[in-house]
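Taking it in order: structure first as structure tokens, then the write-up.
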Amino acid sequence: MKISINKAHFPVSVLGPGKRLGIWLQGCSIGCKGCVSQDTWAPDAGRDMTVAQLLAWCRQTATGGFDGVTISGGEPFDQPQALAALLDGLHHWREACKLDFDILCYSGYPAATLQTKHAKLLLMLDALIPEPYIDAKPLTHVWRGSSNQTLLPLSLRGHRIYTPCLDMLSAQADKRIQIMQDGDRVWYVGLPGRGDMAALESVCKSRGIELTDVSWRS
Ligand code: SF4
């Protein structure tokens, strides 16, 4: 089974609790105004890998222990069969190795739409953060990009881990963004506040660094 991936990273500590494997799927048909991840929108067959390869990366990368897997995008539910295969593989790994990691997934689709179209996939998640990003609504709660987005624990494990965090504010988190360098590419993970990326560009410019091909503008 092929899956189209924008990137995968470990450790991610700003999209869910603890130290996490982060997987970003490529391709999003929703197109929220103000999306800061526009590099994930276009379907790109050049970014295909097999689900087996991705699961092997997870197993090799997290040997020192981890708390969870965060699946984001792009829009994960735009690849429902690949997402099902990935979730199936994660469940097998968790059960076979007696691990206790949680699986959190983001989606720009409303929860009601996902419940109608992808109920079986929701049964394989511990927690879901649905609803489109709305730029006009503030970033308020931890792990959510705009105040309309909800955090829904879906499993017993999900309730144990996420229910205590439902009202936690973004300002209470240690950090909201991680920044990494890969050759001449600098990329970030997380949920910037309104104006954060413009401020970052401004600071870089004042130091003689021009950011090109940024993901927060088309
Ligand atoms: S915020 Fe998410 S769902 Fe919305 S356009 Fe960006 S990647 Fe797609």
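Things worth noting here:
- Full extension of the chain between residue 91 and residue 207 yields a length gain of 37.1 nm, computed as 0.36 nm times the residue separation minus the alpha carbon distance.
- Distance histogram in 10 Å bins (all Cα pairs of the range 2-173, percent per bin): 10, 41, 39, 10, 0
- Taking 7 Å steps out from each Cα toward its Cβ at residue 214 and residue 49 produces label points 2.8 nm apart.
- CD proxy at 222 nm, helix term only [per DSSP H run n ≥ 4: -39500 (n - 2.57); per residue of the chain; nearest 500]: -7500 deg cm²/dmol
- Theoretical gain in end-to-end length, residue 57 to residue 177 [0.36 nm per residue, Cα-Cα removed]: 40.9 nm
- Contact order relative to length of the range 2-173, as percent, for alpha carbon pairs under 8 angstrom and 6 or more apart: 20
- Sparsely packed loop sites in the range 155-186 (the trypsin sites (Lys or Arg not before Pro) outside DSSP H, G, I, E and B with at most 14 other Cβ atoms within 10 Å) comprise 175.
- FRET efficiency for the pair residue 116 and residue 163, taken as 1/(1 + (r/R0)^6) with r the Cβ-Cβ distance and R0 = 25 Å, rounds to 0.50.
- Residue exposure proxy: 91, 141, ordered by other Cβ atoms within 10 angstrom of their Cβ from fewest to most, comes out as 91, 141.
- Loop-resident sites, the range 1-96, for trypsin sites (Lys or Arg not before Pro), counting at most 10 other Cβ within 10 Å (DSSP): 33
- Cross-link pairs beyond the 23 Å C-alpha cut-off, checked among 2/120; 2/117; 2/175: 2/175
Rule-based calculations on the coordinates, nothing more; no lab input. Not measured: the values here are computed from a predicted model. Quick reminder, even Gly has a Cβ in these numbers, built from the backbone with ideal geometry, and neighbours come from all protein chains shown.
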